[in-house]
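Visitor: Before I ask anything, here is the structure I am working with.
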DNA sequence: CATATTTTTGACCAATTGGTTAAACCATTT
DNA sequence: AAATGGTTTAACCAATTGGTCAAAAATATG
């Protein structure tokens, strides 16, 4: 593969990423992607045989990228509380740089859940729980966080950072009405989210 | 408007609701809707001139319905804690009966934020805050919930109930891997969500 | 019953879509 | 410089799409 090959293939991939994340699989036109990449439409088919293959390439990279952002928090040797703070700072910052990813992924996964299977198959969920127990077992015990509660807690933690981006269109409209800036809201959310979760977990009321 | 009119128009509307919520505006075909309604495709255009008008009719009804589900909690004369419990029981139950609404709305709003404007314009957000202050002012003060914190808290409360439905495709796949039933998870979530939020709000740590 | 009006249908259309193909282009090698 | 190989393009195609239209069927009106 020559240098110009890689350039063209990358140009196509980047253009496809932009168009697909903005318009979705159904809404995106091959011609749009070709225009965005500044090339002929036939070249798309030369490098990626069909629209579906091109989409899958984009989808898989984005999905893998998204999930990988959850991982580092399990590696760092921090207290449970610091892990949560670390997660929200990093994760919301990542989403600020890629604000359209949540809506794109959620929509396409609901449209075709099958696509996610191969990515999830590569994840070892139990391992994450084991790592967490090894590093923060005492805290988990102290706060009475059992294995059964993990799905509720984890989905709640994810919801708090991801949902504002998925529902950005709604929130932005609502906020504008009461004079609140969405970007300011996001900045504040990094700390608010961590405080909120930590208080909920630690509280024994 | 005769009786059979209403039947046909309603049949079309219901069919359109089903097809649009499942496939989205771009993915839905007028022929699909006609088939679903058991009528000729031309009839769609007879009652709703264009695909876009038909979609708008469906979208507006769903959006209004969705937002209206947030309102009752402000009317009931309950303590803040009971309001939160009431909300999650009612809201998650509503979403269990209409599981595809969140993903549909979030996607279409992000695809075309303009569509939401006219619905949001009809909402008086300040009124909700005033009602809340009038009914639960003392509790808000006690828990140090100020006007500036409201957006963070409200979006968090919504995220916790809506996100699992928006991300259903992801969660269901993940849960299956560790042997958890999604419907059971949802049932448990009504109480978990309320407990979680109440603990976070009440905690003074 | 005959007429007028509304509802429903099937045939049709122009535009768009993803995809194909053969030829042109370009860099390398011989 | 001629041949070779991969790369890029323009022209084209079959299928699908939202939408139209005139006629038929059903219903209401006199």
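Visitor: Can you find even one residue in segment B:19-26 that is more than 13 Å from DNA strand C (Cβ to nearest atom) and within 30 Å of residue B:191 (Cα to Cα)?
Guide: Scanning segment B:19-26, I find at least one residue that is more than 13 Å from DNA strand C (Cβ to nearest atom) and within 30 Å of residue B:191 (Cα to Cα), so the answer is yes.
Visitor: Then there's this: For segment B:120-133, does any single residue satisfy the condition of being touching a residue at least 40 places away in the same chain (Cβ under 8 Å) and either within 9 Å of chain A (Cβ to nearest Cβ) or under 21 Å from residue A:165 (Cα atoms) (or both)?
Guide: yes
Visitor: Just one of (1) more than 26 Å from residue B:185 (Cβ to Cβ); (2) in contact (Cβ under 8 Å) with a residue 12 or more places away in the chain trips up residue B:84, so point out which.
Guide: (1)
Visitor: What are the residue pairs meeting all of these: first residue in segment A:8-27, first residue on the phi < 0 side of the Ramachandran plot, second residue not in a helix (DSSP H, G or I), Cβ atoms under 6 Å, and 6 or more apart or on different chains?
Guide: A:19/A:28; A:20/A:28; A:21/A:100
Visitor: Consider segment A:37-68. How many of its residues are under 19 Å from residue A:104 (Cβ atoms), away from DNA strand C (no atom under 13 Å from the Cβ) and away from chain B (no Cβ under 14 Å)?
Guide: Going through segment A:37-68 one residue at a time, the tally reaches 6.
Bear in mind these aren't lab numbers, they're just calculated from the coordinates by the rules spelled out. This one's a predicted model, so the numbers in the text were calculated from it and none came from an experiment. Backbone-built Cβ (ideal geometry, glycine too); neighbour counts: all protein chains shown.
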